[in-house]
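> Quick one: the structure is below, and I'll ask about it shortly.
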Amino acid sequence: MGRAGAIKLAEEGATVYVTDLDGDAAAETAAAIEAAGGRAESRSVDVLDHDQLERLFADVEDAHGKLHVLWNHAGAPGPAGLEATEQAFDFAMDLNVKSAYFATALAEDLLAAGTARPRSSSPPRCPAWSARPAARSTRSPRAGSRP
Ligand SMILES: NC(=O)c1ccc[n+]([C@@H]2O[C@H](COP(=O)([O-])OP(=O)(O)OC[C@H]3O[C@@H](n4cnc5c(N)ncnc54)[C@H](O)[C@@H]3O)[C@@H](O)[C@H]2O)c1
């Protein structure tokens with residue numbers, strides 16, 4: 001599904017950063033996009049590794065200064081039923097839920113730059129964004145901060 005989405009976004013005109021734990025698979029998707037006339041870069045990224053995510057977003061910032069779409073799609077089916085071990089449960093939550101939360105938090109400023117209202121009086125392109133509570137107010141208090 002991630003590959004299909006990356007190709008679709010490129011067809012819509014986006015420059016796509018294709019990332020995957022499997023860097024070869026990401027490179028193959030980027031090559032397919034470029035072969036079809038689109039723009040793409042690929043990176044091997046483990047979404048469970050904050051340092052790798054930070055490097056990815058630093059690269060995007062250096063090259064483009066903004067990000068319009070962050071598609072948190074890396075994942076794997078979690079355990080079914082009530083027989084899962086705590087380890088399997090934690091891994092599924094880390095990969096499918098926690099990684100998306102922290103990737104979004106790490107990309108927040110880039111996404112804000114990508115959705116900033118232009119200086120003209122044009123309406124914002126993403127009404128949902130402008131209706132969002134003030135930036136960072138939805139984050140949990142940092143350690144040591146008062147509630
Ligand atoms: N395919 C469906 O119909 C469907 C439906 C609903 C939900 N989902 C969920 O959507 C997610 C993706 O589904 P899919 O069908 O595209 O799966 P997929 O296995 O085709 O793709 C998942 C990709 O995530 C990558 N990945 C795994 N761990 C990673 C990590 N730590 N860092 C970076 N990349 C990592 C894998 O290498 C793989 O390329 C899964 O969580 C799945 O449960 C899928």
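> Give the whole-number value, in cubic angstrom per residue, of the convex hull volume spanned by the C-alpha atoms of the stretch 75-118.
In the stretch 75-118, the Cα convex hull volume per residue is 75 Å³.
> Provide the FRET efficiency to the nearest 0.05 for the Glu34-Ala58 pair, computing r from the beta carbons and using R0 = 25 Å.
Values: r = 23 Å, r/R0 = 0.91.
For Glu34 and Ala58, the calculated efficiency is 0.65.
> Moving to a separate point now. Classify the stretch 1-81 as rounded, prolate or oblate from the Cα gyration tensor: take a ≥ b ≥ c as the square roots of its eigenvalues, call it rounded if a/c is under 1.5, otherwise prolate when a/b beats b/c and oblate if not. The partial results should precede the final answer.
Numbers: a/c = 1.79, a/b = 1.23, b/c = 1.45.
Cα axes put the stretch 1-81 in the oblate bin.
> Let me ask something else about it. Can you give me the distance in nm between label points at His50 and Glu11, each placed 7 Å from the Cα along the Cα-to-Cβ direction?
The answer from the label model is 3.8 nm.
> Can you work out the FRET efficiency for the pair Asp22 and Ala112, with r the C-beta to C-beta distance and R0 = 22 Å, to the nearest 0.05?
Numbers: r = 30 Å, r/R0 = 1.37.
Efficiency computed from Cβ-Cβ geometry: 0.15.
> Can you tell me the FRET efficiency between Lys66 and Phe91 if r is taken as the Cβ-Cβ distance and R0 is 30 Å, rounded to the nearest 0.05?
Numbers: r = 33 Å, r/R0 = 1.09.
So, using R0 = 30 Å, E works out to roughly 0.35.
> Return the sequence-ordered ³J(HN,Hα) values of the stretch 14-24 in whole Hz as given by the Karplus equation 6.51 cos²θ - 1.76 cosθ + 1.60 applied to θ = phi - 60°, using x for Gly and Pro.
6, 8, 9, 9, 8, 10, 6, 4, 8, x, 5
> Under a point-charge model restricted to the Cβ atoms of Lys and Arg (+1) and Asp and Glu (-1), what is the dipole moment magnitude of the stretch 2-130 relative to its Cα centre, in debye to the nearest 20? Kindly include the intermediate steps, with their values, before the conclusion.
On the way: 10 positive and 21 negative charges, 179 e Å.
Computed charge dipole of the stretch 2-130: roughly 860 debye.
> Whose amide H sits under 5 Å from the amide H of Val18, counting only residues 5 or more places off or on another chain, with H placed in the peptide plane?
Glu41, Ser42, Arg43
> Report the local net charge at Ala88: Lys and Arg +1, Asp and Glu -1, summed over other residues whose C-beta lies under 15 Å from its C-beta. Walk me through the intermediate numbers first.
Details: positive: Lys98; negative: Glu83, Glu86, Asp90, Asp94.
Around Ala88, the surrounding residues sum to -3.
> If you don't mind, there's one more thing I want to ask. Step through the residues of the stretch 68-83 one at a time and calculate ³J(HN,Hα) from phi using the Karplus curve (6.51 cos²θ - 1.76 cosθ + 1.60, θ = phi - 60°), rounding each to whole Hz and writing x for Gly and Pro.
8, 9, 10, 9, 7, 10, 4, x, 7, x, x, x, 9, x, 10, 9
Taken together, the values in this text are just the output of simple stated rules run on the coordinates, not laboratory data. Keep in mind the model is a prediction, meaning the values are calculated, not measured. Note that each Cβ is placed from the backbone with ideal geometry, even for glycine, and that neighbours are counted across all protein chains shown.
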